[in-house]
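Contents: one structure, followed by commentary.
The values are calculated or read from the model by the stated rules, or taken from the named source; none is laboratory data. For clarity, every value in this text was computed on a predicted model and none was experimentally measured. Please note: Cβ atoms are built from the backbone with ideal geometry, for glycine as well, and neighbour counts cover all protein chains shown.
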Amino acid sequence: MSTQTCTHVTPECPVTATTYGYYPNLGGNIFFTVFFGIFGAFQLGFGIHFRSWTMMTAMVVGAFMELAGYVGRILMNHNPWSQSAFKLQIVCLVLAPTFIAAGIYLTLKHVILSLGPQYSRLKPERFTWIFISCDIGSLILQAAGGGVAAAAGSENQSLLKAGDDIMVAGIAFQVGTMTVCGLLALDFFIRVARKGPGLGGEKIVDGSDNLQGAKNIRWVIIAGIVAYFTVLIRCIYRIPEMAGGWGNPLMQKEDEFLVLDGTMMALAVSSLTVFYPGFFLPSIRTGLKNKA
C-alpha cells in the first residue's frame, strides 16, 4: 500500500512516514496559539488607540497568521496525515514573519524621524518604500511556493519540491533584505551616537522639534533590535530546514522548530508589544495621544 493514499495513522500509514515524522507536541503548540492570540489582540488594541494603522495591520496579520499556523499543528497532533492541517500550518508559519519584518521597518523609520533624519544615509520614508516593497516581493515568492506546496500535499513529490524551492528563494531574499536594512540601521545608530543626540536622546537640546519625545526612545530601539535579530534567526534557520527537502532530518526535529521558529517569533512579537512604538514615537501615532 502506498502512503500517498494515507488519511490517518494506521499500521500501514505510520506517523514516521509523514512529512514531519512525529505527532506535533500538543502543549507547546497550544501555548504558541494562545500566546500569539493574546499579543495579536494587544497589537490590535494599541493600533486602534494610537491610530497607527500601517503598524497595526502588519503586526496583527503577522500575529494572527502565527496563531492560525499553530492551530494547524494542533490539528496535526490529532491526525498527522491531515492534508488541510498541513497546508494551513505550512502556509501561515512561512508567511507570518514577513509581516512582522514590515513592522520592524516601520519602527526603524520612526526612530530615524525622532533622532534625526540627517544622520541616516537613506531618507526615512525610503526605508518603508524600499524594504517593505522587498518584503512584498519576498511574500509573493513565499506565498507562491506555499501555494504550490499546499496544492501538492504529500502526494506529488516533484511539485512539492518545486514549491519548497520557491519558498526557500523567498526566505533567502528576505534574509538579504533584512541584512541590508540592518547594516543601514547600524550605520545610522553609530552616526547618532557620535554626532547626534545619542541613542536615548540624552543629548537633546530644548526646543528641538525633531527630537521631541525621544527621551525614552532607547526602549523601543532595544525592542526593535530584539525583534530584528529574532526574525533574522528564524529566517536563517528556515533556509536549511526547508532546503533539505520535505521530510529531511532537520525538518523532523520539533524541538529545534519550536525554539528557532516559534520562540524567536514569540520574542519578536512580544518585544514590539510590551515596548509598543506608539508609546515612544510621536510620529507613528495619529490619535489623541499625539496631541498630548
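Kindly indicate which of Phe127, Phe131 is in contact with a Cys (Cβ under 8 Å, 6 or more places away or on another chain) and more than 20 Å from Met264 (Cβ to Cβ).
Every option except Phe127 fails the conditions.
Considering only residues that are buried (at least 23 other Cβ atoms within 10 Å of the Cβ) and modelled with pLDDT of 95 or more, look in region 73-88 and name the one that is nearest to the chain's Cα centre (by Cα).
The qualifying residue nearest to the chain's Cα centre (by Cα) is Arg73.
Within the group Glu241, Glu256, which residue is surrounded by fewer than 22 Cβ atoms within 10 Å (Cβ to Cβ), within 23 Å of Phe32 (Cβ to Cβ) and at pLDDT 95 or above?
Checking each option against the conditions leaves just Glu256.
Across region 16-42, which residue is surrounded by the fewest Cβ atoms within 10 Å (Cβ to Cβ) among those that are farther than 18 Å from Gly262 by Cα and among the polar types (S, T, N, Q)?
Thr16
Taking the residues in region 112-152 that are of a type in the set (A, V, I, L, M) and under 28 Å from Asn216 (Cα atoms) as candidates, determine which candidate is surrounded by the most Cβ atoms within 10 Å (Cβ to Cβ).
Leu115
Which of the residues belonging to region 100-123 are in contact with a Leu (Cβ under 8 Å, 6 or more places away or on another chain) and not β-branched (Val, Ile, Thr)?
Of everything in region 100-123, those that are in contact with a Leu (Cβ under 8 Å, 6 or more places away or on another chain) and not β-branched (Val, Ile, Thr) turn out to be Gly103, His110, Leu113, Ser114, Leu115, Gly116, Ser120, Arg121, Leu122.
Here's the yes/no breakdown for (1) under 21 Å from Val34 (Cα atoms); (2) among the hydrophobic types (A, V, I, L, M, F, W, C); (3) in contact with an Asp or Glu (Cβ under 6 Å, 6 or more places away or on another chain):
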{"position": "Thr54", "(1), (2), (3)": "no, no, no"}
{"position": "Thr57", "(1), (2), (3)": "yes, no, no"}
{"position": "Ala68", "(1), (2), (3)": "yes, yes, no"}
{"position": "Trp81", "(1), (2), (3)": "no, yes, no"}
{"position": "Lys87", "(1), (2), (3)": "yes, no, no"}
{"position": "Ile90", "(1), (2), (3)": "yes, yes, no"}
{"position": "Arg126", "(1), (2), (3)": "no, no, no"}
{"position": "Leu139", "(1), (2), (3)": "no, yes, no"}
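Give region 98-138 a look and list any residue that's closer than 30 Å to Tyr23 by Cβ and either out of contact with any helix residue (DSSP H, G or I) (no Cβ under 9 Å at 6 or more places or on another chain) or at pLDDT below 95 (or both), or say none.
Thr98
Just checking, how many residues over region 139-157 are more than 24 Å from the chain's Cα centre (by Cα) and modelled with pLDDT of 80 or more?
Adding up the residues that qualify gives 0.
Could you list, in sequence order, all residues of region 226-238 that are crowded, with 19+ Cβ neighbours inside 10 Å and closer than 20 Å to Arg73 by Cβ?
Passing the criteria: Thr230, Val231, Arg234, Cys235, Arg238.
Can you find, within region 48-81, the residue that is nearest to Cys13 (Cα to Cα) among those that are touching a residue at least 24 places away in the same chain (Cβ under 8 Å) and among the small types (Gly, Ala, Ser)?
Gly69
Might you let me know whether region 239-258 holds any residue that is of a type in the set (Val, Ile, Thr), closer than 29 Å to Phe42 by Cβ and in a helix (DSSP H, G or I)?
No, that holds for no residue.
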